[in-house]
Amino acid sequence: MELKKIALNDVHEALGAKMVPFAGYNMPVRYSSDLDEHHTVRKAVGIFDVSHMGEFLVSGPQALDLIQRVTTNDASKLTPGKIQYSCLPNQEGGIVDDLLVYCLAPEEYMLVVNASNIEKDWNWINQFNTEGAELKNISDEMSLFAVQGPKAVDALQSLTSVDLASMVYYTFDKGEFAGVPNVIISATGYTGAGGFEIYVPNQNAKEVFQKIMEAGAAFGIKPIGLGARDTLRLEMGFCLYGNDITDATSPLEAGLGWITKFNKDFVNAPNLKAQKEQGVRRKLIGFEMQEQGIPRSHYEIVNAEGATIGEVTSGTMSPSLGKGVGLGYVQTEYSAPGTELFIKVRNKQLRAQVVKLPFYKPTL
């Protein structure tokens, strides 16, 4: 299948990005080095083009009812300007996708979904739309820039009259940005470094990207690829769909009980509630290597006797901490912080320890 191209594909190639296939799109994985880009975001400010993400508009009198039915979190708590992290449960106890729910106005919402799941999520949500909520897939019309890092406010403030410094995490505002009206400026991001996500129509993407680069130049802004995005999110213990959460992982196993609200009826709620009451047999944990070695996805997790107790779902050498860190599912009795585990790396069993997430504690 032919790779899709984001609006600024040619801009990234001109910037020297290494482009790779990702979720069906041709995407920039790095411009300089993953390490340099990672530290740029932790210490200053970087811009990611994440325009491959999907956006659905849900509106009308039945919009909230539909969102309540298909997501685990309680969207009735949202008011205009607020955002919620949630997930779409399937009928078998797993997760169709994780997503953000934006309340744009009364009876008007935007769902932001993972690029690899756009078609799957669209079909899934539509099958539950029996009461006639209005649904519009605007994924191919929108570009999305994540400007992340402690200097993000400084880098962007000259481009908008919206007071960026006063914006609270998981809220957004709509206003003029870089000369473009009605831009969604969202205090979100998947890095733990602070910052914003900027939603702009494709036709304005190039000028907005260039203006962000110009305004941020004095603060050391650099374009950042998907390689550093992965190490940044992993240091925070944030789940990646397809690795740490899938169609076969329950939100309760994945530590997402906090977004699973049983005060409403949603897809597969009775089974998930029963699972909560009975307790889960396995849990997603964070672990740090106690010996030299880099954990990788699908590596076996074993106990002191060498018996398999789980599997690594994400792992890397943490650029901020200088040690191997990872996420993985283990039998529940091995999930408490401080528990000793072993990761099988090239037929060696390397010692690791369960730790409380996040691995990296940002000083924002």
>> Condition first: out of contact with any Phe, Trp or Tyr (no Cβ under 9 Å at 6 or more places or on another chain) and not in a strand (DSSP E or B). Now tell me which residues in the stretch 10-35 satisfy that.
In response: Asp10, Glu13, Ala14, Ala23, Gly24, Tyr31, Ser32, Ser33, Asp34, Leu35
> For the stretch 107-114, does any single residue satisfy the condition of being touching a residue at least 12 places away in the same chain (Cβ under 8 Å), surrounded by fewer than 18 Cβ atoms within 10 Å (Cβ to Cβ), part of a strand (DSSP E or B) and not assigned by TED's automatic domain parsing to the domain that holds Asp163?
Replying inline: yes
> If you take the residues of the stretch 72-101 that are in contact with a Lys or Arg (Cβ under 8 Å, 6 or more places away or on another chain) and in a strand (DSSP E or B), which of them is surrounded by the fewest Cβ atoms within 10 Å (Cβ to Cβ)?
Replying inline: Gln84
> Leu66 versus (1) within 21 Å of the chain's Cα centre (by Cα); (2) under 30 Å from Phe128 (Cα atoms); (3) not charged (D, E, K, R): which is the lone unmet condition?
Replying inline: (1)
> For Ser161, which of the numbered conditions (1) within 19 Å of the chain's Cα centre (by Cα); (2) surrounded by fewer than 20 Cβ atoms within 10 Å (Cβ to Cβ); (3) among the hydroxyl-bearing types (Ser, Thr, Tyr) fails to hold?
Replying inline: (1)
> Trp124 fails exactly one of the following numbered conditions: (1) in contact (Cβ under 8 Å) with a residue 60 or more places away in the chain; (2) on the phi < 0 side of the Ramachandran plot. What is the number of that condition?
Replying inline: (1)
> Just one of the numbered conditions (1) over 24 Å from Arg281 (Cβ atoms); (2) outside any loop (DSSP other than H, G, I, E, B); (3) basic (Lys, Arg) is not true of Lys361; which one?
Replying inline: (2)
> Residues of the stretch 141-161 being closer than 23 Å to Pro362 by Cβ and in a loop (DSSP other than H, G, I, E, B), which ones?
Replying inline: Gly149, Pro150, Lys151
> Out of all the residues in the stretch 178-185, is one or more under 20 Å from Gln148 (Cβ atoms), touching a strand residue (DSSP E or B) at 6+ places or on another chain (Cβ under 7 Å) and in a helix (DSSP H, G or I)?
Replying inline: no
>> Can you say whether Asn202 is in contact (Cβ under 8 Å) with a residue 24 or more places away in the chain, surrounded by fewer than 16 Cβ atoms within 10 Å (Cβ to Cβ) and within 19 Å of Ala7 (Cα to Cα), as far as the supplied structure shows?
In response: yes
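So that you can scan it fast, the table gives a plain yes or no per residue for (1) surrounded by fewer than 21 Cβ atoms within 10 Å (Cβ to Cβ); (2) out of contact with any Lys or Arg (no Cβ under 6 Å at 6 or more places or on another chain):
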position: Arg281; (1), (2): yes, yes
position: Leu284; (1), (2): no, yes
position: Glu291; (1), (2): yes, no
position: Ala307; (1), (2): yes, yes
position: Ser314; (1), (2): no, yes
position: Ala352; (1), (2): no, yes
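The values are calculated or read from the model by the stated rules, or taken from the named source; none is laboratory data. Only a predicted model underlies this, so the values are computations on that prediction, with no experimental measurement involved. Heads up, the Cβs are rebuilt from the backbone with ideal geometry, glycines too, and the neighbour counts pull from every protein chain shown.
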